[in-house]
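The values are calculated or read from the model by the stated rules, or taken from the named source; none is laboratory data. Worth saying up front: this structure is predicted, and the values here are computed from it rather than measured. As a convention, Cβ positions derive from the backbone with ideal geometry for all residues, glycine included, and neighbour counts pool all protein chains shown.
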């Protein structure tokens, strides 16, 4: 019954909040799936088909980079392999500098080549040097995916070239992106606009970052992607006014100027920084009514029930979107069931608001105090007092009579 009351209350509040939310129009984009998420809190800000299965293309390389950072140091040497050699463009060996099987490069250069230039061949170099072959590396990728708690992601290739069994969602790719960004090496790499790649053969070669937003609008890193099946993809991280937001756009259009996916990202990021949270519960608004049983005489006598009106002394705000509006949950925990300890100025417990990864707790209060309880039971207390007076008086009279008889 209480859960039904919570649900109805939330629906009622969300309905009346829609009018305020509509004033801040949600941007329309070319991408079929997109999300923005607060890097520090995990709160979903913008949501567009975030749980739809999509192909990630080269944004896959963020997970490959994470496994490289976890298994190799920057100075470790990697060997260019046969599988590396046969990879299609974008490829370091085919487009930037000739690479031969057996040629070596540092893990640092490999990381730069894969994340900046999006080198498909170097992704396989990394996979083969960590796991022996791409099949074993696929198992390692999926082990990491499981560790991250992802349910709708499965990777087959280290570079993200199309495979029907290689998929994710915008939401789960945002988790991979946040995890990758938390790594110092990766964070440093995706923030580079250019790099010089060296190997044991040939001359050094300069590469540029494929992320056109880098250094603009607060963009501090990201990873591009494209295949015919996946469309244009982009994962990017922004920082404005010390606040970091990650954005994911999947299956956008690849226009002649290659601008749509970047425009999509800018739109949802600008909107995410400008949008405001709306109240789920306002300050002093009754959140719930809890039924508490207690004994007015504490240890003896009848049991009574009192209705506690629960509220917070601050606004509880959240980002409205189709995911949060459907999935937001709350749970109330009352620290004491003894109403005689209640005080309308003292917290009686907490309410926890959960939105997927995000969980926040707030202190709750009630308008019930000792005075209220006393007034609610004044007849019972008056009767008990009368009984005590009668009993005490009877005892006194009995004692006096007994003393009189003994004389």
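Does residue 292 count as part of a strand (DSSP E or B) and modelled with pLDDT under 95?
Spelling it out, residue 292 is indeed part of a strand (DSSP E or B) and modelled with pLDDT under 95.
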Of everything in region 167-191, what is surrounded by 16 or more Cβ atoms within 10 Å (Cβ to Cβ) and in contact with a strand residue (DSSP E or B) (Cβ under 7 Å, 6 or more places away or on another chain)? Give them in sequence order. 167, 168, 169, 170, 171, 173, 174, 177, 178, 181, 190, 191
If a residue has to be in contact with a strand residue (DSSP E or B) (Cβ under 8 Å, 6 or more places away or on another chain) and surrounded by 15 or more Cβ atoms within 10 Å (Cβ to Cβ) to count, how many in region 77-93 make the cut? 3
Selection from region 238-280 of residues that are surrounded by fewer than 22 Cβ atoms within 10 Å (Cβ to Cβ) and on the phi > 0 side of the Ramachandran plot: 241, 242, 258
Some residue of region 267-281 being in contact (Cβ under 8 Å) with a residue 60 or more places away in the chain, in a loop (DSSP other than H, G, I, E, B) and either within 27 Å of residue 92 (Cα to Cα) or in contact with a strand residue (DSSP E or B) (Cβ under 6 Å, 6 or more places away or on another chain) (or both): no
Are any residues in region 61-76 part of a helix (DSSP H, G or I) and in contact with a strand residue (DSSP E or B) (Cβ under 7 Å, 6 or more places away or on another chain), and if so, which ones? 61, 62
Exactly one of 192, 257, 203, 229 is assigned to a loop (DSSP other than H, G, I, E, B) and free of Cβ contacts under 8 Å to residues at least 12 places away in the same chain, and that residue is 257
The lone exception for residue 130 - which of (1) in contact (Cβ under 8 Å) with a residue 24 or more places away in the chain; (2) surrounded by fewer than 24 Cβ atoms within 10 Å (Cβ to Cβ); (3) touching a strand residue (DSSP E or B) at 6+ places or on another chain (Cβ under 7 Å) it fails: (3)
Go through region 32-45 residue by residue and tally those that are closer than 15 Å to residue 244 by Cβ and not in a loop (DSSP other than H, G, I, E, B). 6
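Under 19 Å from the mean Cα position of the chain (by Cα) and either free of Cβ contacts under 8 Å to residues at least 12 places away in the same chain or farther than 22 Å from residue 353 by Cα (or both): does that describe residue 62?
It is true that residue 62 is under 19 Å from the mean Cα position of the chain (by Cα) and either free of Cβ contacts under 8 Å to residues at least 12 places away in the same chain or farther than 22 Å from residue 353 by Cα (or both).
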Given the criteria modelled with pLDDT of 95 or more and crowded, with 19+ Cβ neighbours inside 10 Å, does residue 121 qualify? yes
For region 94-104, indicate whether the set of residues that are part of a strand (DSSP E or B), surrounded by fewer than 24 Cβ atoms within 10 Å (Cβ to Cβ), modelled with pLDDT of 95 or more and over 23 Å from the mean Cα position of the chain (by Cα) is non-empty. yes
Regarding region 309-325, can at least one residue be identified that is over 27 Å from residue 37 (Cβ atoms) and modelled with pLDDT under 85? yes
Do you know which of the residues in region 192-237 that are on the phi > 0 side of the Ramachandran plot and surrounded by fewer than 22 Cβ atoms within 10 Å (Cβ to Cβ) is farthest from the chain's Cα centre (by Cα)? 202
Those residues that are within 22 Å of the chain's Cα centre (by Cα) and not in a helix (DSSP H, G or I), I need them from region 108-160; list them, please. 148, 149, 150, 151, 152, 153, 154, 155
